[in-house]
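Student: My questions will all concern the structure given below.
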Amino acid sequence: MNITVDEDKCCGAGQCVLITPEVFDQRDEDGIVVLLDAAPGEEHHDAVRESAQVCPAAAITVDEDA
Ligand code: SF4
């Protein structure tokens, strides 16, 4: 799994951080997403998929084959 985030799309809603704090964080100054781990372990994959699904800005892309 390989994750990318689009900072230009992100609206700082923080849903991804609530669901997968091991992988996503937010910048202190404006709440824009910070990707902590682009290739997280298997144990985080379900939560990462959920984060991508609930992101209101569709700013998280998950490449399952990477
Ligand atoms: S859920 Fe989406 S919009 Fe919200 S902080 Fe995460 S990437 Fe940004």
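Just so it is clear, none of the values below were taken in a lab; they were calculated from the coordinates. The shown structure was predicted, so the numbers you read here are calculated from the model rather than taken from an experiment. Virtual Cβ from ideal backbone geometry, glycine too; neighbours counted across all protein chains shown.
Student: Once you keep just the Cα pairs under 8 angstrom separated by 6 or more residues, what percentage relative contact order results for the chain?
Tutor: On the way: 112 pairs, mean separation 31.1, N = 66.
47 percent.
Student: Using only Cα atoms and rounding to the nearest 10 degrees, what angle (0 to 90) does helix 45-54 make with the longest principal axis of the chain?
Tutor: Its long axis makes an angle of about 40 degrees.
Student: Using a Gaussian network model of the chain whose springs link C-alpha atoms within less than 10 Å, name the residue from V33, V17, V54 with the highest mean-square fluctuation.
Tutor: Looking only at V33, V17, V54, the biggest GNM fluctuation is shown by V54.
Student: Next up: What GluC sites (Glu not before Pro) in the chain are in a loop by DSSP, with at most 11 other Cβ atoms within 10 Å of the Cβ?
Tutor: Working: sites: E7, E22, E29, E42, E43, E50, E64; in loops: E7, E22, E29, E64.
Sites meeting the loop and neighbour criteria: E29, E64.
Student: Sorted from largest down, give the three principal axis spans of the alpha carbons of the range 1-42, whole angstrom values.
Tutor: Reported extents, whole Å, longest axis first: 29, 18, 14.
Student: Let me have the 222 nm mean residue ellipticity of the chain computed from DSSP H runs of 4+ only, each contributing -39500 (n - 2.57), with the sum over all residues rounded to the nearest 500. Working shown, then result.
Tutor: Values: 2 runs with 15 residues, N = 66.
Helix contribution divided over all residues of the chain: -6000 deg cm²/dmol.
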